[in-house]
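**Q** If you scroll down you'll find the structure; I have some questions about it.
The values are calculated or read from the model by the stated rules, or taken from the named source; none is laboratory data. The structure presented is a predicted model; accordingly, all values stated were derived computationally and were not measured. Neighbour counts run over all protein chains shown; Cβ positions are idealised from the backbone, glycine included.
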Amino acid sequence: MWNMIKNHFTNYPERLKVARTLIENGLNTKNGKIYLNQIEIPPIRMARAAAVDRRTVNETLNDINKNQKLKLIFEEIRSAGHSLKEIARHLNLGVIEITVTNAKNPGILSNTATILNNANLSIRQAIVDDPELSPEPKLTIIVERKIPGELVSEILKISGVAKISIY
């Protein structure tokens, strides 16, 4: 998906920045307007977020609307929802952030979930960065309580895991 979008905007780096900002924030487009679910986002706000001018945002929206494949993607994309990561410590939840060597390596999420399950930790959320959109994709897992330090060495043994942060 991202390669198609990138190729489409090859000659327009500013428009690519708008497209990337739309995707990273789960914003969709309909009839030349930008939405976060049902909330309309003014073009000037998008321009500020993407560090471009308002005209570039409008040109990007027109460009997306003219291309059927892009139109389908941007009309249907949605925000992944809320994340507990930033407020986890206030809720006495545990957070483990895993940086991987190859995000396309199978089994990283399932093996981590098994280790957490064996430690009797219930997963509240799992957030996985898309390897095509993130230069350093991470797997973030929020669990019901603080993560015991002894699990770090177990998780580091999983194929494809580069490093771990726990907080």
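**Q** Among the residues of segment 5-64, write down those that are touching a helix residue (DSSP H, G or I) at 6+ places or on another chain (Cβ under 6 Å) and aliphatic (A, V, I, L, M).
**A** Residues satisfying the conditions are Ile5, Val18, Ala19, Ile34, Ile44, Met46, Ala47, Ala49, Ala50, Val52, Val57, Ile64.
**Q** Does Glu154 satisfy the criteria of being charged (D, E, K, R) and over 16 Å from the mean Cα position of the chain (by Cα)?
**A** yes
**Q** A follow-up question, please. Could you list, in sequence order, the residues of segment 101-120 that are at pLDDT below 90 and either in a helix (DSSP H, G or I) or surrounded by 16 or more Cβ atoms within 10 Å (Cβ to Cβ) (or both)?
**A** Ala103 - this is the single residue of segment 101-120 that is at pLDDT below 90 and either in a helix (DSSP H, G or I) or surrounded by 16 or more Cβ atoms within 10 Å (Cβ to Cβ) (or both).
**Q** Filter segment 65-82 down to the residues that are in contact with a helix residue (DSSP H, G or I) (Cβ under 8 Å, 6 or more places away or on another chain) and assigned to a helix (DSSP H, G or I), then identify the one that is surrounded by the fewest Cβ atoms within 10 Å (Cβ to Cβ).
**A** Lys69
**Q** Being out of contact with any helix residue (DSSP H, G or I) (no Cβ under 8 Å at 6 or more places or on another chain) and either part of a loop (DSSP other than H, G, I, E, B) or farther than 18 Å from Tyr167 by Cβ (or both) is the filter here, so list the residues in segment 123-143 that pass it.
**A** Asp129, Pro131, Ser134, Pro135, Glu136, Pro137, listed by residue number.
**Q** How about segment 31-44: which of its residues are surrounded by fewer than 14 Cβ atoms within 10 Å (Cβ to Cβ) and either part of a helix (DSSP H, G or I) or among the small types (Gly, Ala, Ser) (or both)?
**A** Gly32, Ile44
**Q** Also: Sort through Ile141, Ile98, Ile127, Ile123 and tell me the only one that's within 13 Å of the chain's Cα centre (by Cα), in the same structural domain as Ile155 (by TED's automatic domain parsing) and surrounded by 13 or more Cβ atoms within 10 Å (Cβ to Cβ).
**A** Answer to the check: Ile127.
**Q** Can you tell me which residue is farthest from Ser79 (Cα to Cα) among those in segment 1-30 that are without any contact (Cβ under 8 Å) to a residue 24 or more places away in the chain and either part of a loop (DSSP other than H, G, I, E, B) or not assigned by TED's automatic domain parsing to the domain that holds Leu61 (or both)? Can you show your working first?
**A** Our first condition is that a residue be without any contact (Cβ under 8 Å) to a residue 24 or more places away in the chain; within segment 1-30, this holds for 6-7, 10-11, 13, 16.
Within this subset, residues satisfying the condition of being either part of a loop (DSSP other than H, G, I, E, B) or not assigned by TED's automatic domain parsing to the domain that holds Leu61 (or both) are 10-11.
On the way: Thr10: 25, Asn11: 28 Å.
The qualifying residue farthest from Ser79 (Cα to Cα) is Asn11.
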